[in-house]
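See structure below.
The values are calculated or read from the model by the stated rules, or taken from the named source; none is laboratory data. As the structure is a prediction and not an experimental result, all values here were calculated from the model. Don't worry about glycine lacking a Cβ; one is built from the backbone with ideal geometry, like all the others, and counts go over all protein chains shown. The accessibility values were calculated without ligands, DNA or RNA, using every heavy atom of the protein model including side chains. Shrake-Rupley method; radii C 1.70, N 1.55, O 1.52, S 1.80 Å.
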Amino acid sequence: MNLHEYQARDLLMKAGVPMFEGGVAATPDEAEAIARKLGRAVVVKAQVHTGGRGKAGGVKLAATPAEAREHASRIIGMNIKGLTVEKVLVVPAADISTEAYVGLIMDRETQRPVYMVSAAGGVDIEEVAATTPEKITRLPVDPVYGLLPHQALGLALTLYQDYPKVKAAARIMQQLWTAFTANGASLAEINPLVTTPDGEVLALDAKISIDDNELDRRPDLAQLRDDSAEEPSEVAARAAGLTFIKLDGNVGCVVNGAGLAMATMDLVKYYGGEPANFLDIGGSSNPEKVVNALRIITSDPAVKAILFNIFGGITRTDDVANGIKTALEQFPVQVPIVVRLTGTNEKEAVRILEGIGMTALGDMDEAVSRVVALAREAA
Ligand code: GDP
Ligand code: MN
């Protein structure tokens, strides 16, 4: 789950990271009021789930409350990388001497949180990563020990020479660790971490992604989710208790179990197709889940054929068949459906499907190659 900057700032500030207090506005009036209350020059910042807002015109300096209002009226409603800006953050503007990058991400390769730190921070960090990766220092951290003081100093020394700044940056490195682990983050980023002409070290931007699997035990974080900023089909799937990720292909996939779902997607690709989604209907038996799954998948016009791949263990295949039957009674499905099922109650499942004029296949290769061919014919 991605957080907005204003939400991520709260978590960083709670961990002690030095940042200016600001306010969030949904209207130009509110933006002006916040700027007036702050009583100094401010920055008006688009709150959308993407980076590169600065380059897109979504970050503007304002010397007066009236100017803050003007910027807010231009930025609210603006479209940045396909996302509509609903709110702006209004914070005191900082004088900037240098801009550095500090990130902490969960890294699959080392299976550890890894710090990424660069003195060449700011809006061009992607460019730096692509063309001069040697300017980024990486440090994997043992999660048992956390970031040790000498490691924090080592990272800070790659950013600054003079001791007060090094010390301040080292403290921020450790505060970032606290924010990351306390909130179950998979990514926490400060870009830019700036120094000011009077030698202060400040975080001016905050980006945090929370691991979805951490949300059940963190209800206060779970409610920070902004459904309007997410893919609508994924929001619907979450409400229906399905694990669903939308992809770019045209073969809709309904599978039970994450492992089988991934194997199915691999096989779709193996036969020359492209999956339209990842979907795990879960282990429990529940025809309603199948109905919801079909509703979500068929609402995507890109889907040209649908594959069911069900390995019945705890999942009863007759429940899945009943789900398909119910769905077809409730709404029209315009694309062909190929069903492969095997396991618990498969005889009943086959009978139910035959009752509505469908055949169930037992062989996975046969089912996948058939659905890929059907999708190709329709496309
Ligand atoms: P992003 O482009 O989405 O990453 O948004 P940022 O919050 O990082 O802002 C982009 C850039 O705007 C920063 O790299 C700064 O150069 C500039 N900026 C942001 N806040 C301030 C500020 O308080 N003062 C000044 N002078 N520039 C700022
Ligand atoms: Mn930034």
Point-to-point label distance, residue 363-residue 40, nm (Cα→Cβ direction, 7 Å offset): 7.4 nm
HN-Hα J in Hz across region 233-242 - Karplus 6.51, -1.76, 1.60, θ = phi - 60°, x for Gly and Pro: 5, 6, 5, 4, 5, 5, 4, 8, x, 9
Rounded to whole Hz, the Karplus (6.51, -1.76, 1.60) HN-Hα couplings of region 267-272, x for glycine and proline: 5, 4, 5, 4, 8, x
DSSP beta bridge pairing in region 215-369, given as percent antiparallel to the nearest 5: 20 percent
Karplus-derived HN-Hα couplings along region 323-337 (A = 6.51, B = -1.76, C = 1.60, θ = phi - 60°), whole Hz, x at Gly and Pro: x, 5, 4, 4, 4, 5, 6, 7, 8, x, 10, 8, 10, x, 10
Check: region 217-369 dipole with +1 on Lys, Arg Cβ and -1 on Asp, Glu Cβ, in debye: 220 debye
Relative contact order (%) - the chain, alpha-carbon pairs under 8 angstrom, separation at least six: 13 percent
Surface accessible to a 1.4 Å probe, residue 366 within the full protein complex, Å²: 80 Å²
Projected label distance in nm at residue 129 and residue 222, using a 7 Å step from Cα toward the beta-carbon: 3.0 nm
Accessible area per residue in Å² at 1.4 Å probe, computed on the chain: 48 Å²
Whichever aspartates and glutamates have a C-alpha closer than 16 Å to that of residue 167, once near sequence neighbours (fewer than 8 apart) are set aside: 198, 200
Computed magnitude of the charge dipole of the chain (debye, nearest 20; Cβ of K, R +1, Cβ of D, E -1): 360 debye
Rel. contact order, % - alpha carbon contacts under 8 angstrom, at least six apart, region 21-92: 47 percent
Selection of chymotrypsin sites (Phe, Trp or Tyr not before Pro), region 65-156, meeting DSSP coil and at most 16 other Cβ within 10 Å: 145
Surface accessible to a 1.4 Å probe, residue 180 within the full protein complex, Å²: 10 Å²
Taking region 284-379 and dividing mean pair separation by its residue count, relative contact order in percent (alpha carbons under 8 Å, at least six apart): 34 percent
Antiparallel DSSP beta bridges within the chain, percent to nearest 5: 75 percent
Cut-off under 5 Å, modelled amide H: who pairs with residue 147 long-range: none
Carbon plus sulfur fraction of accessible area for the chain, probe 1.4 Å, in percent: 51 percent
Greater than 31 Å apart at Cα, pairs in 304/325; 14/60; 60/246; 14/165; 269/289; 135/246: 60/246; 135/246
